[in-house]
1. Give the number of residues within the stretch 207-244 that are more than 25 Å from Thr257 (Cβ to Cβ) and under 20 Å from the mean Cα position of the chain (by Cα).
2. Could you grab me the full set of residues in the stretch 56-73 that are buried (at least 17 other Cβ atoms within 10 Å of the Cβ) and touching a Gly at 6+ places or on another chain (Cβ under 8 Å)?
3. Suppose the filter is more than 13 Å from Ala96 (Cα to Cα) and surrounded by 13 or more Cβ atoms within 10 Å (Cβ to Cβ); does Arg24 pass it?
4. Is it fair to say Val80 is closer than 22 Å to Pro8 by Cα and surrounded by fewer than 18 Cβ atoms within 10 Å (Cβ to Cβ)?
5. Exactly one condition in (1) on the phi > 0 side of the Ramachandran plot; (2) at pLDDT below 90; (3) of a type in the set (Val, Ile, Thr) is false for Val215; which is it?
6. Quick one: Phe136 ticks every box in (1) at pLDDT 90 or above; (2) part of a helix (DSSP H, G or I) bar one, so which box is it?
7. Give the stretch 157-178 a look and list any residue that's within 16 Å of Pro235 (Cα to Cα), modelled with pLDDT of 90 or more and in a loop (DSSP other than H, G, I, E, B), or say none.
8. Take the conditions within 13 Å of the chain's Cα centre (by Cα), at pLDDT below 95 and either within 30 Å of His33 (Cβ to Cβ) or assigned to a loop (DSSP other than H, G, I, E, B) (or both) and apply them to Val193. Does it pass?
Amino acid sequence: MADDRSYPARPYLAVSAAIVRDDRVLVVRRARHPARGVFTLPGGVVEAGETLKQAVVREVKEETGLAVEPIGLAGHREVVVRDAEGRVERHFVILAFAARWVAGEPQPSEEVAEARWLRLAESVLTAAGVAASALFCAEHGHQVRGPVDQHFSTSAYPVAAVDYLIQHGRTRRLLNAYDWGGYLIYRGIPTFVDGRTDVFLASGVFDDYLALQNVWWQCPELLDKYRFETALFPPGDSIVTYLESQPDWRIAYQDGTAVVLVHQSSTSSAKG
């Protein structure tokens with residue numbers, strides 16, 4: 001059902017907040033369509049007369065009951081959803097802020113069905129999440145020493161595999177595991193999917209990702225459609241087993257955390 005933000009005459013300005021409490025960041029599961037069931041950062045549309053930081057404080061309070069202190073702008077996202085006829089059905093410009101938790105415990109609301117505190121090492125690092133990580137490192141410098149990338153768990157993230165991708169020029173047309181999307185963004189590598197689930201759901205890409213990951217009947221057709229040159233997944237995933245069995249794919253790198261598979265079409269253009 002359409003709401004008052006469907007088919008807008010102009011984009012809506014919105015804010016979101018990556019809220020840091022100790023070594024955790026808050027994510028919420030949406031209770032209403034069109035993003036019902038999707039985990040996002042808390043936030044919403046800026047009201048007339050509000051500053052951006054006032055909007056962050058109000059939206060977080062309304063959605064979760066928390067009191068927060070916005071620290072700074074982390075980045076922005078644009079969400080444009082078109083209907084089957086190509087008309088703009090929804091258009092949001094979302095400014096993402098890093099924020100400190102001040103008081104309260106997250107509670108469900110009309111907008112939020114569930115809230116979870118995730119450790120920074122477990123969270124999907126979107127632009128705001130990266131800012132939240134930087135904020136944590138700045139405030140806990142005695143605990144975190146050296147480059148930030150040295151503190152990613154090599155058993156949870158494909159650190160060495162991504163090193164391989166970069167060193168051998170295999171970062172184009174990458175089919176990646178969803179859980180590693182944020183880490184790839186942090187390393188400067190374009191993703192097929194990542195934590196911006198609302199965007200990928202609206203475009204249909206997330207459905208295609210599920211079909212590929214689980215090797216549903218559409219998988220061969222989708223591999224041709226997207227012309228992937230490289231795939232990055234945990235060992236034992238169904239898509240890894242499937243690609244291993246295909247004559248035009250081969251394993252180029254693997255360790256206990258990740259497998260890199262490359263398509264034969266990319267061999268001539270890759271370095272090394």
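1. Residues in the stretch 207-244 being more than 25 Å from Thr257 (Cβ to Cβ) and under 20 Å from the mean Cα position of the chain (by Cα): 1 in total.
2. Those that are buried (at least 17 other Cβ atoms within 10 Å of the Cβ) and touching a Gly at 6+ places or on another chain (Cβ under 8 Å): Val56, Glu59, Val60, Glu63, Thr64, Leu66.
3. Values: more than 13 Å from Ala96 (Cα to Cα): yes; surrounded by 13 or more Cβ atoms within 10 Å (Cβ to Cβ): yes.
Yes: the conditions hold for Arg24.
4. Values: closer than 22 Å to Pro8 by Cα: yes; surrounded by fewer than 18 Cβ atoms within 10 Å (Cβ to Cβ): yes.
Judged against the criteria, Val80 is a match.
5. (2)
6. (1)
7. Residues satisfying the conditions are Pro158, Ala177.
8. Numbers: within 13 Å of the chain's Cα centre (by Cα): yes; at pLDDT below 95: yes; either within 30 Å of His33 (Cβ to Cβ) or assigned to a loop (DSSP other than H, G, I, E, B) (or both): yes.
Answer is yes for this residue.
The values are calculated or read from the model by the stated rules, or taken from the named source; none is laboratory data. Everything numeric in this text was worked out from a predicted model, so none of it was measured. Please note: Cβ atoms are built from the backbone with ideal geometry, for glycine as well, and neighbour counts cover all protein chains shown.
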